[in-house]
Amino acid sequence: VQLQASGGGLVQAGGSLRLSCTGSGRTFSNYAMGWFRQAPGKEREFVASITWSVATRYAEFVKGRFTISRDNAKNGVYLQMSSLKPEDTAVYYCATDYSPKRSSLSRRSEVAYWGLGTLVTVPA
């Protein structure tokens, strides 16, 4: 199983960015997919996830600003980020669940596979 994330970059505060992740090696439509992030000197943290039944979950600090979606035909998961803040600066990792058809993905312990990450930089 492989996950490839893309779409990161430098964006000014208040701007928008869309991250994409495509997977291979499994039938992703049966699994929750999500995004985590890791800022310099901090632990990797949950950002958003979307289950096989298209239920979504967000960290409190991104609610109302980020939107996660998926396209099962493309084995893809996307993160539309708006109203970006300097504290959103981090490497963003896409991830997929360890077991099919679970109702939630929000903990690192629930992740079976990680993508390599894509850097998002929002200057202060």
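In segment 43-66, the qualifying residues are those that are more than 17 Å from V111 (Cα to Cα) and in contact with a strand residue (DSSP E or B) (Cβ under 8 Å, 6 or more places away or on another chain), and the one that is surrounded by the fewest Cβ atoms within 10 Å (Cβ to Cβ) is V54. Based on this model, can you work out whether S83 counts as surrounded by fewer than 21 Cβ atoms within 10 Å (Cβ to Cβ), among the polar types (S, T, N, Q) and at positive phi? The answer is yes for S83. Screening segment 18-29 for residues that are open to solvent by 30 Å² or more (accessible area, probe 1.4 Å) and touching a strand residue (DSSP E or B) at 6+ places or on another chain (Cβ under 9 Å) and picking the one that is nearest to V77 (Cα to Cα) gives T22. May I ask you to say which residue of V11, V77, V54 is on the phi > 0 side of the Ramachandran plot and β-branched (V, I, T)? Exactly one of V11, V77, V54 is on the phi > 0 side of the Ramachandran plot and β-branched (V, I, T), namely V54. Considered as a group, the residues in segment 112-124 that are aliphatic (A, V, I, L, M) and open to solvent by less than 70 Å² (accessible area, probe 1.4 Å) include one that is farthest from R26 (Cα to Cα), and that residue is V122. With respect to the stated conditions, A13 fails to be out of contact with any Gly (no Cβ under 8 Å at 6 or more places or on another chain) and within 19 Å of A59 (Cα to Cα). Scanning segment 98-111 for residues that are surrounded by 13 or more Cβ atoms within 10 Å (Cβ to Cβ) and either at pLDDT 95 or above or under 21 Å from K42 (Cα atoms) (or both) yields L105, S106, R108, E110, V111. Within segment 39-50, not a single residue is touching a residue at least 24 places away in the same chain (Cβ under 8 Å), over 15 Å from the mean Cα position of the chain (by Cα) and closer than 17 Å to L3 by Cβ.
The values are calculated or read from the model by the stated rules, or taken from the named source; none is laboratory data. Keep in mind that this is a model prediction, so the values were computed, not measured. No Cβ is skipped: glycine too gets one built from the backbone with ideal geometry, and neighbour counts run over all protein chains shown. Quick note on the areas: whole protein, heavy atoms, side chains included, nothing else; ligands and nucleic acids left out. Shrake-Rupley method; radii C 1.70, N 1.55, O 1.52, S 1.80 Å.
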